[in-house]
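Everything below concerns the one structure shown next.
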Amino acid sequence: MSIYYFTFDMVSCDLVRFVDMNNLFEKITNNQKEIEKYKPFDKEILKQLKEYYRISFTYTSNALEGNSLTESETKIVLEDGITIGGKPIRDHQEALGHSEAYDLLYTLVQKNTIDEHYIMELHRLFYYRIDIKNAGTYRKVGVIVTGRDTVFPAPKELPSLMNSFITEINSFKKEIHPVECAALVHSKFVNIHPFIDGNGRCARLLMNLFLFKNNYPITIIPPIKRGEYLDVVYQGNNGDFKPFIHFLAELVYESQKDYVRLLKNLQKK
C-alpha cells in the first residue's frame, strides 16, 4: 500500500503537492543500487570524494546560517589557510570548525552506537574557536530562532531530552528507511536545540552520519532552499515529521545522481 500525503500553501491554502513517499523511496533505493556497482572504491577516489564534500558541505551548511564565505572562498580558507579580506573572522572560524567536525564523521561511522560524548565532540570541534566556554556543553539559557515562534525546551530539560534522543536514534529498526532515520535524527535534534549556537550545523552533521552509516552519499541542503528547509524542519516541533522527511528524500535523490556523475568522472581512464 502506498503512503500519500498532501502539502498546502499556508497563505492561499492551495494544494501544492501530492506525494507518494513509497515511490520516492523506491527511486532512492534503485539509485543506491546503481552506486553500489561502482564499489569498491580505491583510496585515491575515496580521498577525492572526501575532499570534494568537505568543501561543498562546509560551504552550504554554514551559508544556511548566514556565513558570507562563497564556496570558492571556503575552499581557499580550508585548503590554503588564507584569510579572505573583508570577511568576518567568525566566518573563517565556522569554516575551519565545520571541517574538523566533518572529519569526525569518518570515525563515528565505524561506531555501533552514537553516545552523548560523540555529539558533544561534534559541537566542540565546530564551536571551540568561536566560544570555548560553550563549546560541547548544553546551553544554560533559553534560545529563540529569528523569524520563528518555535518554543524550545528549557535548559533544565536538556539532559533528559538528549538522553531520550540518543536512546531513540540508536534503536531505529531496519524496517525504517535510512532516509527517514536521517530526517528524524535531524528534525528531533534541531527541535531540542541543545546548544547555545551551532544546532543546525550539528543536526546536518548527524543527519549525514546516519546516511553515511547506510552507505548513502553526503547530502547537502542548498542555501537557495533555506526558506523551505526552515518551514519544514521546525514542523517537527509539533510532531509532524512527514514534510521534512519528504524534503530530505528529494535532496538525497538529487545528491545520489550527482554522486554517480562524480564516480563516472573519477573512474574514467
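For the reader, a short list of remarks on this structure follows.
- Gaussian network model of the chain, springs between alpha carbon atoms under 10 Å - residue of LYS43, LYS140, LYS156 with greatest fluctuation: LYS43
- Considering only the Cα atoms of the range 81-125, their convex hull presents on average a projected area of 3.5 nm².
- Computed log₁₀ I(q)/I(0) - Debye formula, equal Cα scatterers, no solvent, the chain, q 0.08, 0.13, 0.16 Å⁻¹: -0.33, -0.91, -1.38
- Gyration tensor verdict on the range 175-269 (Cα atoms; rounded if a/c is under 1.5, prolate if a/b is larger than b/c, oblate otherwise): prolate
- In the range 94-248, the alpha-carbon atoms span a convex hull of 113 Å³ per residue.
- Each of TYR59, TYR234 was scored by other Cβ atoms within 10 Å of its Cβ. Arranged with the fewest first, they read TYR234, TYR59.
- Net charge over other residues, Cβ less than 13 angstrom from the Cβ of GLY85 (K, R count +1; D, E count -1): -1
- Residue with peak Gaussian network fluctuation, the chain [Cα springs, cutoff 10 Å], from THR60, THR107, THR29: THR107
- Largest to smallest principal axis extent of the C-alpha atoms in the range 96-164, angstrom: 36, 28, 23
- Between the range 131-170 and the range 210-269, the alpha-carbon centres lie 24 Å apart.
- Residue-normalised convex hull volume from the C-alpha trace of the range 55-148: 126 Å³ per residue.
- The Kirkwood hydrodynamic radius of the range 26-106, based on inverse pair distances between different Cα atoms, is 14.1 Å.
- By average C-beta atoms within 10 angstrom, highest first, the peptides 144-151, 46-53: 46-53, 144-151
Any read-out appearing in this document is the output of simple, stated calculations on the displayed coordinates, not a laboratory observation. Quick caveat, the model's predicted, so the values are computed rather than measured. Positions of Cβ are generated from backbone atoms using ideal geometry, with glycine treated the same way; all protein chains shown enter the neighbour counts.
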